[in-house]
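Heads up: the structure comes next, in structure tokens.
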Amino acid sequence: MKPWEANFRSVTPYVPGEQPRPDGGRLIKLNTNENPYPPCPGVRRRLQDLDTDLLRRYPDPSASELTEAIAGYHGVSADRVFVGVGSDDVLGMAFLTFFNSPKPILFPDVTYSFYPVWAELFGIPCERVPLDEAWAIRPGDYMRENGGIVFPNPNAPTGLLMEKESVESIIRSCRESVVIVDEAYIDFAGDGASVCGLCDRYENLLVVRTLSKSYSLAGARIGYAIGSPSLIRALKNVKESYNSYTMNAVSISVGAEAVRDVRYLKETVQAVVRTRERAKERLREMGFTFPDSEANFLFAHHTEVPAAEIYQALRREHIYVRHFDGPRVSDYLRISVGTDEEMEMLYASLETFFSERQKIWTAGGCGRSF
Ligand code: PMP
């Protein structure tokens, strides 16, 4: 080891899903919960009309156009909105800002795998709270002393939604630390599932959202948080002590356009939800089981065939789904909801794989996998 390496801050990084480069052949990407539909038409228009002078100058450090569009969408004042480079940036800033207690923060044992990475990076003590047998968060487990609480709703990778009343019961019981509700997938869970509206009642509640999923803008990297003005001020102070210009000018512009097109949002979300519900039927018929997801993905387990084997078989067909290693999750696949056509290709590949496999096993070639 080189002497200076002893001074390195070392951390085990989060591993994002693969972004394979399309090589002109077929590629069905169901591994990172992207939206299969394009961003709203206004985004295309903005990009077409883009004045490159916008790139010559520094962007607006407070991303006012985007902040105001988000504030308008939620019916709150702009001092309740914080924007960042994807919700990962917002969440990272929020961990750094709010989780500075010697008491451990709490999050589910099966959840977004970036949480333990930020905790390690920032030296935040943490405790993973087990989900119940049916993969659900038990609100009562969070009603104890803590340095903060964070969980996604719907949870990832399970897709399970916690009722608003249960989320509120956690917030209500947590009076001395900040509760972060990560609503990355909330738009797929139907109207009325969000706890954004509770932010004016609970000063220690921060709701984090993203434009990566329901708005089809993962490549633009836009996330935001809604909270009380005091939380938002604290977040801004930390962000401005680190990097003034996080949001680039193009993302500010296209993000504002997307947030204003509520009709397009509803249409694409409904299309994804319809396909998701159909996927539940089709995958169940093929022997899969899964928690009843209200997100844009399914967390599926096959009753007979190991997940790793299915994952490899699909990959050979250029169909990418996500397979996680780790206790309890390694026999599951997280399958993002694509277009109907993409999902039909998934079902066809699975059917072929299962029937070929069955033939080999029946013929006595046990042990061989495709
Ligand atoms: N929260 C959860 C639960 C997620 O699954 C993701 C996507 N990886 C994010 C936050 C971050 O998404 P983004 O940075 O694209 O907004």
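The values are calculated or read from the model by the stated rules, or taken from the named source; none is laboratory data. Predicted, not measured: the structure shown is a model, and the values here were computed from it. All Cβ positions, glycine included, derive from the backbone under ideal geometry; neighbour counts span all protein chains shown. We work out accessible area using only protein heavy atoms, side chains counted, and drop any ligands, DNA or RNA first. Shrake-Rupley method; radii C 1.70, N 1.55, O 1.52, S 1.80 Å.
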Helix-only [θ]222 nm of the chain, DSSP H runs n ≥ 4, -39500 (n - 2.57) each, per residue, nearest 500: -11500 deg cm²/dmol
Sparse-neighbourhood loop sites, trypsin sites (Lys or Arg not before Pro) in the stretch 273-369 - DSSP loop, at most 11 other Cβ within 10 angstrom: Arg368
Solvent exposure of the chain as accessible area per residue, Å², 1.4 Å probe: 47
Dipole magnitude (debye, nearest 20) for the stretch 245-370, charges at Cβ of Lys, Arg, Asp, Glu: 180
Integer Hz, Karplus 6.51/-1.76/1.60 couplings in order for the stretch 47-61, x for Gly and Pro: 5, 5, 8, 4, 8, 5, 4, 4, 8, 6, 8, 5, x, 5, x
Backbone N within the stretch 86-126 under 20 Å of label point (7 Å from Val15 Cα along the Cβ vector): 109-121
Protection-proxy order for peptides 172-181, 124-133, each taking the mean of Cβ atoms within 10 Å per residue, highest first: 172-181, 124-133
Residue with peak Gaussian network fluctuation, the chain [Cα springs, cutoff 10 Å], from Pro116, Pro229, Pro38: Pro38
Of Leu106, Leu314, Leu217, the one that fluctuates the most in a GNM where the chain has Cα springs shorter than 10 Å: Leu314
Portion, in percent, of the accessible area of the stretch 41-260 that falls on carbon or sulfur, probe 1.4 Å: 48
For the stretch 41-260, size of Cβ-based charge dipole, Lys and Arg +1, Asp and Glu -1, in debye: 380
Test item: Cα-centred dipole of the stretch 20-82, Lys/Arg +1 and Asp/Glu -1 on Cβ, debye: 340
Hz values of 3J(HN,Hα) by residue in the stretch 341-354 - Karplus curve (6.51, -1.76, 1.60), Gly and Pro given as x: 4, 4, 5, 4, 5, 4, 4, 5, 5, 5, 4, 4, 4, 5
Beta bridge orientation in the chain: antiparallel %, DSSP, nearest 5: 50
Pairs of Cα atoms farther than 25 Å apart, the stretch 41-260, %: 37
Residue-by-residue Karplus 3J(HN,Hα) for the stretch 247-258, coefficients 6.51, -1.76, 1.60, Hz, glycine and proline x: 7, 7, 4, 5, 5, 4, 5, 6, x, 4, 4, 5
